[in-house]
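Engineer: Attaching a single structure in structure tokens format; questions to follow.
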Amino acid sequence: MKNYEKELPGGYTLNYHINAKDKKTGLVMNLWAFAIMLVVGAVGAIPLFVDKTLDFTLSTPVLLISYVVFMLSMVVYIVLHELVHGAAYKLLTREKLTFGMSWSCAFCGVPNIYVYRRAAIIALVAPLITFTLVLVPVSVLMYFAHPVYYILSLVLLGMHLGGCVGDGYMTYLFLRVFKSKTTLVRDTGPEQYIYTKEVSDSE
Ligand SMILES: [Zn+2]
């Protein structure tokens, strides 16, 4: 099965458009991301309250270094997240990618082609799966290393899961709304255009 089309084939209509740069969309997306972060933080904090033996003390230099490492990890994470989207798109299409950052999100797209639903889902969930598999074990390790390291890794995990809200929403649309395998998406990065063949595929 083909992963993409260079031109939009005949019989397709634009059924859905979303723009993460749009004020309301960007705001709602970030509020959801924040809510997910809070839930991850709340759940992850439970062992900190249960385990009374934990010692949170850390010398000031170590605390500062931990904070710097944490800030750097956040930046590295954002870059890697987009690179994993890009790697998936590249493997599936070999086409030109676009990367960028807007006020509401970082993004990666493949703007010049129309990607089939299956390939789009793979590119969407690739960072979610990759970094969940990395950051959950890291958080567990950090818990046993030092509770402060654990808190910082938990924030990173929360940022990751919250930051995947846009990817999650698009995946949801493909799994629940645009279920036909002929569905095509043009992903410019911040904007997604979904094209379908059947009229009944909409709404
Ligand atoms: Zn993403």
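Engineer: For the range 167-177, just list the computed ³J(HN,Hα) in residue order, Karplus coefficients 6.51, -1.76 and 1.60, θ = phi - 60°, integers in Hz, with x standing in for Gly and Pro.
Structural biologist: Ordered by residue, 3J(HN,Hα) equals 4, x, 5, 5, 4, 4, 4, 5, 7, 10, 10 Hz.
Engineer: Contour minus end-to-end for Leu38 and Met1, with contour as 0.36 nm per residue of separation and end-to-end as the Cα-Cα distance?
Structural biologist: 9.3 nm
Engineer: Related question: Among Leu64, Leu83, which comes first, then next, by fewest other beta-carbon atoms within 10 Å? Can you show the working numbers first?
Structural biologist: Working: Leu64 11, Leu83 16.
Placing the least packed residue first, the sequence is Leu64, Leu83.
Engineer: On a full-extension model of 0.36 nm per residue, what is the gain between Leu64 and Phe144, subtracting their alpha-carbon distance, rounded to one decimal in nm?
Structural biologist: Working it through step by step, the gained length comes to 26.8 nm.
Engineer: Using a Gaussian network model of the chain whose springs link C-alpha atoms within less than 10 Å, name the residue from Ala20, Ala123, Ala45 with the highest mean-square fluctuation.
Structural biologist: Residue with maximal mean-square fluctuation among Ala20, Ala123, Ala45: Ala45.
Engineer: Follow-up. What's the angle, to the nearest 10 degrees (0 to 90), between helix 147-163's Cα axis and the longest principal axis of the chain?
Structural biologist: 10
Engineer: Amide H neighbours of Tyr16 under 5 Å, at least 5 residues apart or on other chains, H built in the peptide plane: list them.
Structural biologist: Excluding prolines and chain starts, which carry no amide H, the hits are Ile194.
Engineer: A follow-up question, please. Nearest 0.05, what FRET efficiency do Leu133 and Thr57 give at R0 = 30 Å with Cβ-Cβ as r?
Structural biologist: Rounded to the nearest 0.05, the efficiency is 0.40.
Engineer: Can you tell me the relative contact order of the chain? Whole percent, Cα pairs under 8 Å, sequence separation 6 or more.
Structural biologist: Values: 285 pairs, mean separation 74.2, N = 203.
Relative contact order of the chain: 37 percent.
Engineer: Okay, next question. Using a Gaussian network model on the chain with a 10 Å cutoff between Cα atoms, which of Ala120, Ala106, Ala145 fluctuates the most?
Structural biologist: Ala145
Engineer: Quick one: order Asp167, Asp22, Asp187, Asp55 by neighbouring beta-carbon count within 10 Å, fewest to most.
Structural biologist: Asp55, Asp22, Asp167, Asp187
Engineer: Arrange the following residues from fewest to most other Cβ atoms within 10 Å of their Cβ: His81, His17. Working shown, then result.
Structural biologist: Values: His81 22, His17 11.
Going from sparsest to densest Cβ surroundings: His17, His81.
Engineer: Only helical DSSP H runs with n ≥ 4 go in: add -39500 (n - 2.57) per run for the chain, normalise by residue count and round the 222 nm mean residue ellipticity to 500 deg cm²/dmol.
Structural biologist: Result for the chain, helices only: -20000 deg cm²/dmol.
Engineer: Top mean-square fluctuation among Pro47, Pro147, Pro190, Gaussian network model of the chain, C-alpha springs under 10 Å?
Structural biologist: Pro47
Engineer: Amide H to amide H, which residues 5 or more places from Tyr4 or on other chains are under 5 Å from it, using H placed in the peptide plane?
Structural biologist: The list, which skips near neighbours in sequence, is Tyr116.
Engineer: Please turn the phi angles of the range 67-82 into ³J(HN,Hα) values with the Karplus equation 6.51 cos²θ - 1.76 cosθ + 1.60 (θ = phi - 60°), one per residue in order, whole Hz, x for glycine and proline.
Structural biologist: Along the range 67-82, the couplings run 5, 5, 4, 4, 4, 5, 4, 4, 5, 4, 4, 4, 5, 5, 4, 5 Hz.
Engineer: Determine ³J(HN,Hα), in whole Hz, for all residues of the range 108-114 in sequence, where each value follows from phi through the Karplus function 6.51 cos²θ - 1.76 cosθ + 1.60 and θ = phi - 60°; x replaces Gly and Pro.
Structural biologist: Values, residue by residue: 9, x, 10, x, 8, 9, 10 Hz.
Taken together, the values in this text are just the output of simple stated rules run on the coordinates, not laboratory data. The shown structure was predicted, so the numbers you read here are calculated from the model rather than taken from an experiment. Methodologically, a virtual Cβ is constructed for each residue, glycine included, from the backbone with ideal geometry; neighbour enumeration extends over all protein chains shown.
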